[in-house]
Amino acid sequence: MNSTVNANSSPKPVRILIVGTGGMAHQHVWAYQKISAVRLVAAVDINPERLRTFAQKYEIPQTFGSVEDAVAWGQFDAASVVTPDGLHYAATLPLLAAGKHVLCEKPLASSARDAVEMAEAAARAGVVNMMNLTYRNEPTMQKAAQLVREGALGEVRFFEASFLQSWLHQPAWGDWKTESAWTWKLSTAHGSRGALGDAGVHILDYATFIVGQEVVEVAGRLQTYNKAPGGRVGEFTLDANDSAIMSVACTGGSIGTIIATRAATGHLNDMVIKVYGETGALDLRYRLGESELHACLGAANVLHGKWEPVDCPAVTYPSNYERFVAAIRGETSPEPDFARGAALQKVLDRAEGR
Ligand SMILES: NC(=O)c1ccc[n+]([C@@H]2O[C@H](COP(=O)([O-])OP(=O)(O)OC[C@H]3O[C@@H](n4cnc5c(N)ncnc54)[C@H](O)[C@@H]3O)[C@@H](O)[C@H]2O)c1
């Protein structure tokens, strides 16, 4: 990946449409607001009140009740798709057909079939297409992947990767019993693939990105807890998985476990990724927005099990939003793209036995 974004004195203006104005859409706006010559020109939501409040807050001049209406208007270059997971496919295809660049939230779609169709449509349209695998730009992720690529660990043999959340057990971000923004994430009928599709797609991407190998075999174990009387809250049937374990074998001969759970009490949004090679090992921890990387490298350290912190310069890696805009301006390659999203989705489908 090209890890630098050119500083251009008069960068090409980019007009952005935001599709879906719920919780995560605010992160998109805050990120775009920091990039020069990016203008937020329109927003779409099926909830008129949320849409109005959002547009007023960020001074977005145009609002629409559907993607189709926004496409008919057409005065934008690119879109962020931030709808619930099950609607990414339906929201993205009209944008691609209209030749718009798209940054889509994760997971790319609710099934590998839809994700592949999106990737093919994006390739046909010849537009910039990216998926928002948020923590890709963590300096520790990039440094860990670089160390593996450079051969610092020798051949990678084994890895363990966990994404630990606890919002089933505490309301720090919101209460799933009363707030639909959380309840839909527990319901397959509302497009959720549970912890597997939500945090699972992140940790599957990060683990395989760092290890530099692709999954060739996967066995999944999923658990949906008994959380509410009759397994329901209002219109929501709470049938999506809450915890997921993937046991995987990879192209380079390594095997590993990949875990995603919403029931890890004590962990709000934490990740642990451990990678073991013939000649060295890495231990990456992300906790409460801070991440650190430790390594056991070199024969003497390996012999004595001695770990040392790895310096990961914070300024090196631009965010997904910066890379999306830079790719539109022709300054960098769009990564992770929809093809990557489709490949990840195939693994998730197989972990569910689909
Ligand atoms: N990358 C990350 O780290 C990260 C973090 C949180 C959420 N997400 C993803 O972001 C997406 C949105 O999640 P959220 O937490 O903001 O959900 P949310 O429920 O808070 O917001 C979704 C919004 O989309 C709107 N919407 C529903 N159908 C629509 C349609 N057809 N057209 C336009 N708008 C529509 C809803 O009214 C709502 O305002 C999900 O795909 C989620 O997985 C990603």
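Values quoted throughout were computed directly from the atomic coordinates according to the rules given, and no laboratory measurement underlies them. Note that the structure is predicted; figures quoted are calculated from it, not measured. Neighbour counts run over all protein chains shown; Cβ positions are idealised from the backbone, glycine included.
Each of 64, 348, 305 was scored by the projection of its Cα onto the charge dipole of the chain, and the greatest displacement toward the positive side belongs to 64; charges sit on the C-beta of Lys, Arg, Asp and Glu.
Return a whole-number percent for the relative contact order of region 139-316, with Cα pairs under 8 Å and 6 or more residues apart as the contact set.
Result for region 139-316 is 31 percent.
Toward the positive end of the charge dipole of region 14-134, with +1 on the Cβ of Lys and Arg and -1 on the Cβ of Asp and Glu, the farthest Cα among 19, 36, 126 is that of 36.
Restricting attention to region 41-74, which GluC sites (Glu not before Pro) occupy a DSSP loop and are surrounded by at most 11 other Cβ atoms within 10 Å?
Within region 41-74, the qualifying GluC sites (Glu not before Pro) (loop, at most 11 other Cβ atoms within 10 Å) are 59.
Working note: Debye formula, equal point scatterers on the alpha-carbon atoms of the chain, no solvent; log10 I(q)/I(0) at q = 0.09, 0.13 Å⁻¹ is -0.50, -1.06.
In this structure, residue 73 and residue 172 have a Cβ-Cβ separation that, at R0 = 51 Å, corresponds to a calculated FRET efficiency of about 0.85.
Filter the cross-link list 57/177; 106/306; 100/185 down to pairs whose alpha-carbon distance in this structure exceeds 32 Å. Over 32 Å Cα-Cα: 106/306. When the Cα convex hull of region 139-316 is projected onto planes of every orientation, the mean area is 11.2 nm². For the chain, relative contact order (Cα pairs under 8 Å, six or more residues apart, normalised by length) works out to 21 percent. Among 188, 74, 110, pick out the residue whose Cα is farthest towards the positive end of the charge dipole of the chain, where Lys and Arg carry +1 and Asp and Glu carry -1 on C-beta, about the Cα centre. Sorting the options by dipole projection puts first 74.
What net charge do the residues around residue 226 carry, taking every other residue with its C-beta under 15 Å from that of residue 226, with Lys and Arg at +1 and Asp and Glu at -1? If you can, show how the numbers build up before the last one.
Numbers: positive: 177, 227, 232, 262; negative: 239, 242.
Value of the local net charge: +2.
Distance from the alpha carbon centroid of region 160-180 to that of region 17-58 works out to 24 angstrom.
In this Cβ point-charge picture (+1 for Lys and Arg, -1 for Asp and Glu), region 68-149 has a dipole of about 440 debye about its Cα centre. In order along region 271-276, phi translates into HN-Hα couplings of 10, 10, 10, 10, 10, 10 Hz, rounded to whole numbers, per the Karplus curve 6.51 cos²θ - 1.76 cosθ + 1.60 with θ = phi - 60° and x for Gly and Pro. For the chain, a crude dipole built from +1 on the beta carbon of Lys and Arg and -1 on the beta carbon of Asp and Glu, taken about the Cα centre, is about 260 debye to the nearest 20. Loop-located GluC sites (Glu not before Pro) in region 149-182 (DSSP state other than H, G, I, E, B) with a sparse environment of at most 16 neighbouring Cβ atoms within 10 Å: 150, 155, 179.
Please get the size of the charge dipole for region 210-327, origin at its Cα centre, with Cβ charges of +1 on Lys and Arg and -1 on Asp and Glu, quoted in debye to the nearest 20.
300 debye
Are there chymotrypsin sites (Phe, Trp or Tyr not before Pro) in region 261-353 that DSSP marks as loop and that have at most 16 other Cβ atoms within 10 Å, and which are they? Listed in order of number, the matching sites are 307.
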